[in-house]
1. How many of the residues making up region 24-51 are touching a residue at least 24 places away in the same chain (Cβ under 8 Å) and part of a loop (DSSP other than H, G, I, E, B)?
2. Identify, please: which residue in region 57-87 is of a type in the set (S, T, N, Q), part of a helix (DSSP H, G or I) and more than 17 Å from Leu195 (Cα to Cα) and is, among those, nearest to the chain's Cα centre (by Cα)?
3. Within region 3-25, restricting attention to residues that are at pLDDT 90 or above and polar (S, T, N, Q), which residue is farthest from Gln187 (Cα to Cα)?
4. Quick check on this structure: which one of Ala87, Ala97 is without any contact (Cβ under 8 Å) to a residue 40 or more places away in the chain and under 20 Å from Ser191 (Cα atoms)?
5. Spot the failing condition for Leu142; the list is (1) out of contact with any His (no Cβ under 7 Å at 6 or more places or on another chain); (2) touching a residue at least 12 places away in the same chain (Cβ under 8 Å), and only one is missed.
6. Among the numbered criteria (1) in contact (Cβ under 8 Å) with a residue 40 or more places away in the chain; (2) surrounded by 12 or more Cβ atoms within 10 Å (Cβ to Cβ); (3) under 27 Å from Ala82 (Cβ atoms), which single criterion is violated by Asp118?
7. From Met131, Met112, Met108, which residue is more than 30 Å from Thr174 (Cβ to Cβ) and free of Cβ contacts under 8 Å to residues at least 12 places away in the same chain?
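The values are calculated or read from the model by the stated rules, or taken from the named source; none is laboratory data. Because the structure is a prediction, the values reported are computed rather than measured. All Cβ positions, even for glycine, are placed from backbone atoms using ideal geometry, and neighbour counts span all protein chains on display.
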Amino acid sequence: MILITSTLIFSSFLIYINTFYTFRGNVDKAAILQGVITTCFALANVMSLPLVTKCASRIGKKGVLKWAFSIQLIAGAATWFAIQPEAPYLQIVALVAHQIGFIAFFVMLHSMTADVCDFDEHLHGRSRAGMFGAAITWVQKLAVALSVLLGGTTLTVLGFNPAPGASQPESLVTGMRVAFTGVLVAQALISLFVLRYYRLDEKLLGQIRLAKATALRSADVGAI
C-alpha cells in the first residue's frame, strides 16, 4: 500500500498538479520545482537515517512507525493547503515531512522482517527467511505495477486530455488535488490501524532470542 502511494502520488500526480494547477500549464516551472523536490527528498533521506535509528533504540520500532505514520497523516492533510499557486515552493515542507515517514517505514521494514523471521523460526523450529524475502520482493513488484495501472486509469477517469498542449478541465485539477491529499491521508490512517495488530515488541523478541541462544549453548554442551 505504501509503495503504491509513493509511486502513484509522487511520480505522476504531483507533476500534473504542479503543471496544471500550481503553474497554470507552465511545464518549465513545474519541472524545476520537481527537480528541487526530488533533491530535497534525497537530502531528507540521508539526514533522517541517523534520527530514525536513534529513535528506534529508544521507543522501539513500532513506536517509530506510530510517529512516522502520524507525521504522514498531518503532512498529507497539509498538502491541500501547502500546494498553492501563490506560494509554489511552500509544498516542499509538507512533502519532505511526509517523505521522512516513508524513510522511517523502509528502514524499519527490513529490520522488522528479520524479527518476523526469528519469531517464525521460534514457532516452527526452522528458518524460512528466504520465503519472507521472496514474498516481500513479489509484493513490491506488484505494487509498482499496480501504481502504473492505477495512475493512468485515474487520470483517464478524471478526464485528462493527453494531447500535447491541450487545456485540461478545471474538474481534472480539482479531482487530482482531492485524490492526492485523500490518498496520502488514507494511507496514513490505514497504516496506523494495521500497525495496531503488529504484536512483536522488543521484550518478546528478547525472550525469543534468549531462548534460541540457550538452545544453542545446550546443543554445544551436548556435542562436547
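1. 2
2. Thr79
3. Thr22
4. Checking each option against the conditions leaves just Ala97.
5. Every condition holds for Leu142 apart from (2).
6. (3)
7. From the options Met131, Met112, Met108, the qualifying one is Met131.
Yes/no per residue for (1) under 20 Å from the mean Cα position of the chain (by Cα); (2) of a type in the set (Val, Ile, Thr); (3) surrounded by 14 or more Cβ atoms within 10 Å (Cβ to Cβ):
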{"site": "Ile2", "(1), (2), (3)": "yes, yes, yes"}
{"site": "Ile15", "(1), (2), (3)": "yes, yes, yes"}
{"site": "Tyr21", "(1), (2), (3)": "no, no, yes"}
{"site": "Arg24", "(1), (2), (3)": "no, no, no"}
{"site": "Asp28", "(1), (2), (3)": "no, no, no"}
{"site": "Met47", "(1), (2), (3)": "yes, no, no"}
{"site": "Cys55", "(1), (2), (3)": "yes, no, yes"}
